[in-house]
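Working notes, beginning with the structure itself.
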Amino acid sequence: MSARDLFNKRMELFSAGNVAGALEQYADDAEVVRFLGVARGKQEIQGFLTGYLAAHGRFDLISLDQFFETDDAVMWEATVDTANGAARIYDVMMLDESGRI
């Protein structure tokens with residue numbers, strides 16, 4: 001799966017509120033680093049995704065504003081429509097050799 005495919009699938013899963021599907025994009029030893037702390041492993045990441053998606057209600061892509069990838073990383077800036085209105089989202093992800101986060 002290309003980095004662009006990962007982004008498109010992520011937006012599709014987030015828009016549908018599909019936590020289980022989004023969780024499949026992560027490796028077993030993944031970490032989500034955020035200002036409020038680190039979610040380590042699938043159980044903690046599932047909790048993070050559940051809360052994140054519930055807080056926003058939906059993620060309907062308005063525009064992909066910036067996108068950059070290397071051999072093992074991808075980052076983007078996008079504008080999405082959520083239940084709370086338009087929002088800018090920024091993600092930087094390191095990918096393992098299988099293309100998982």
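Considering each of Val74, Val92, Val33 in turn, give the residue that is over 19 Å from Met11 (Cβ atoms) and part of a strand (DSSP E or B). Let's see the steps before the verdict.
On the way: Val74 fails: over 19 Å from Met11 (Cβ atoms); Val92 fails: over 19 Å from Met11 (Cβ atoms).
The match here is Val33.
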## Note on the structure
Considering residues that are open to solvent by 70 Å² or more (accessible area, probe 1.4 Å), under 20 Å from Met1 (Cα atoms) and under 13 Å from the mean Cα position of the chain (by Cα), the number found within region 62-101 is 4
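Could you please find all residues in region 33-55 being touching a Leu at 6+ places or on another chain (Cβ under 7 Å) and open to solvent by 20 Å² or more (accessible area, probe 1.4 Å)?
Filtering region 33-55 for residues touching a Leu at 6+ places or on another chain (Cβ under 7 Å) gives 42, 45-46, 49.
Across region 33-55, the qualifying residues are Lys42, Gln46.
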### Query
In the set Ala30, Ala3, Ala22, which member is surrounded by 17 or more Cβ atoms within 10 Å (Cβ to Cβ), at pLDDT below 95 and farther than 17 Å from Ala87 by Cα?
Ala3
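Give region 5-30 a look and list any residue that's acidic (Asp, Glu), part of a loop (DSSP other than H, G, I, E, B) and free of Cβ contacts under 8 Å to residues at least 12 places away in the same chain, or say none. Talk me through it step by step, then tell me what you get.
At the first step, the residues of region 5-30 found to be acidic (Asp, Glu) are 5, 12, 24, 28-29.
If we keep only those that are part of a loop (DSSP other than H, G, I, E, B) too, we end up with 24, 28-29.
Within region 5-30, just Glu24 meets the criteria.
The values are calculated or read from the model by the stated rules, or taken from the named source; none is laboratory data. Only a predicted model underlies this, so the values are computations on that prediction, with no experimental measurement involved. All Cβ positions, glycine included, derive from the backbone under ideal geometry; neighbour counts span all protein chains shown. Heavy atoms of the whole protein, side chains included, go into the accessibility calculation; ligands, DNA and RNA do not. Shrake-Rupley method; radii C 1.70, N 1.55, O 1.52, S 1.80 Å.
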